[in-house]
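In what follows, a structure is listed as structure tokens, so that the remarks can point back to it.
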Amino acid sequence: MIESTEIVEKMTYNLIDLNRKDYLKNNNLNKNDIKKLVDKAYETQNLAEKELMFLLEQPLRHLGYLLKKADQKREEVFSDEVHLRAIIEFSNYCRQNCYYCGLRKDNQNIERYQLKKEEIIESAESAAKIGYKTVVLQSGEDEYPAQEIAEIIKEIKKRTSMAVTLSLGERDFGAYKLWREAGADRYLLKHETADKKLYYKYHPGMSFENRIESLKYLKNLGYQIGSGVIIGLPGQTKKILAEDLLLLKELDIDMMGAGPFIPHQQTPLKDFRRGTVEMTLKFNSLCRLLMPLVHIPATTALGTIDVQGRQKALKAGANVVMPNVTASSYREKYQIYPDKICISEDAGDCRQCIGSIINSLGRYVSQNAGHSLKI
Ligand code: 5AD
Ligand code: SF4
Ligand code: FES
């Protein structure tokens, strides 16, 4: 007589076996689909929203092929050259109240600072002296006089041969024009999220339409334009990320930056989970395949949540790093998100550190300005 326990055991084995077979079958199906879609993206630079969603839904451990093809595309376009952009965070004043950001106007817990015109120009000059070919002037949405910014741009252009990138948020269209005429080459203005509902939820008093119009206007003025997103904002879905990718493509951007959301204690989003390395890498690599010529940085935010984050991004389509050259005494006050790396280092330390990271990957630091390949 067969013991009942034996039957149960047998049934359980069969069940496990069946589930395992099903699992393997599904898994292989997914693997074939993944390969087909990645090949399609690699060859045509196009995927439909549903196809992007399917890839974004797969766990990173199944997406080795996606990352590999993104790295291959990066190499075909840029070979092993990595562009550095020196960032000067010259003011942490901000008139906006973005729900995720530590520099938001309502955060009373930070000491605000604003560098003087001459300090900014001198920082830029020292960045040029240590070999940088691009300087990024970054601030919160400060009301720094447009005319003074124009003078800073002119002076940097006069004293160095660096490209000048602005990352100053939304300003009136006249200012964009003035700065372009003063010699600015590029403008970074992330759209943050393509989902209007989410955009309006997290950007009180701001306009999604104006942001997109600004990007288009900047492009018309002859700026090389950069946009990008925060990965893992609360409420963000795979569908929204797919829309982000399609919007970036439609805007015909020259640069794209995506970093994980990192909750900041002095903001309304303090209790939400942070974005993941995995999703950031998936997004970056899809960007590389859909927009082969675009400059993609390995973001500092990714380096903040994972010590190997920037290296991982550089191996998944990224070709740019943006080291900080802000004077050390100001760095801790520019905490968009907490635990930002490079707070106690100075410009020379970061330049060296990044140089070694790039060389350790068998890549080299570019000696040119790294303008958009589209112009
Ligand atoms: N986590 C990650 N990125 C953030 N940013 C702002 N706050 C955060 C945060 N908490 C990014 C936004 C913005 C840039 C200044 O920093 O994308 O454009
Ligand atoms: Fe200001 Fe930019 Fe931070 Fe928004 S994301 S609060 S505009 S610094
Ligand atoms: Fe700043 Fe590594 S880049 S310490």
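None of the figures in this text is laboratory data; all of them are computed from the coordinates on show. Nothing here was measured: the structure is a model prediction, and the numbers come from that model. Note that we place each Cβ from the backbone using ideal geometry, even for glycine, and neighbour counts take in every protein chain shown.
Taking 0.36 nm per intervening residue step and subtracting the Cα-Cα distance, what contour gain separates residue 57 from residue 375 on full extension?
Extending this stretch completely gives an extra 111.0 nm.
Segment 297-375 and segment 166-189 have Cα centres separated by 23 Å.
Unpaired cysteine residues in the chain (no second Cys Cβ under 4.7 Å): 94, 287, 342, 350, 353.
Taken along the Cα-to-beta-carbon direction at a fixed 7 Å, the label points for residue 40 and residue 158 span 5.6 nm.
In the chain, the calculated helix contribution to ellipticity at 222 nm averages -15000 deg cm²/dmol per residue, counting -39,500 (n - 2.57) for every DSSP H run with n ≥ 4. With an a/c value of 1.5 or above and a/b not larger than b/c for the gyration tensor axes a ≥ b ≥ c computed over the alpha-carbon atoms, segment 228-328 is described as oblate.
Under 15 Å from a point placed 7 Å out from the Cα of residue 274 along the Cα-to-Cβ direction: which residues of segment 340-363 have their backbone N that close? The answer is 340-343, whose backbone nitrogens lie closer than 15 Å to the label point.
Roughly how big is the chain's charge dipole about its Cα centre, with Cβ charges of +1 (Lys, Arg) and -1 (Asp, Glu), in debye to the nearest 20? Before the final figure, lay out the partial values.
Details: 55 positive and 50 negative charges, 105 e Å.
Around 500 debye, computed over the chain.
For the residue pairs 154/282; 31/270; 196/270; 105/129, the alpha carbons lie more than 30 Å apart in 154/282; 31/270; 105/129. Projecting the Cα atoms of 114, 102, 137 onto the charge dipole of segment 94-150, computed from C-beta unit charges around the Cα centre, puts 102 farthest toward the positive end. The angle between the Cα long axis of helix 347-360 and the main principal axis of the chain comes to about 40°, on a 0 to 90 degree scale.
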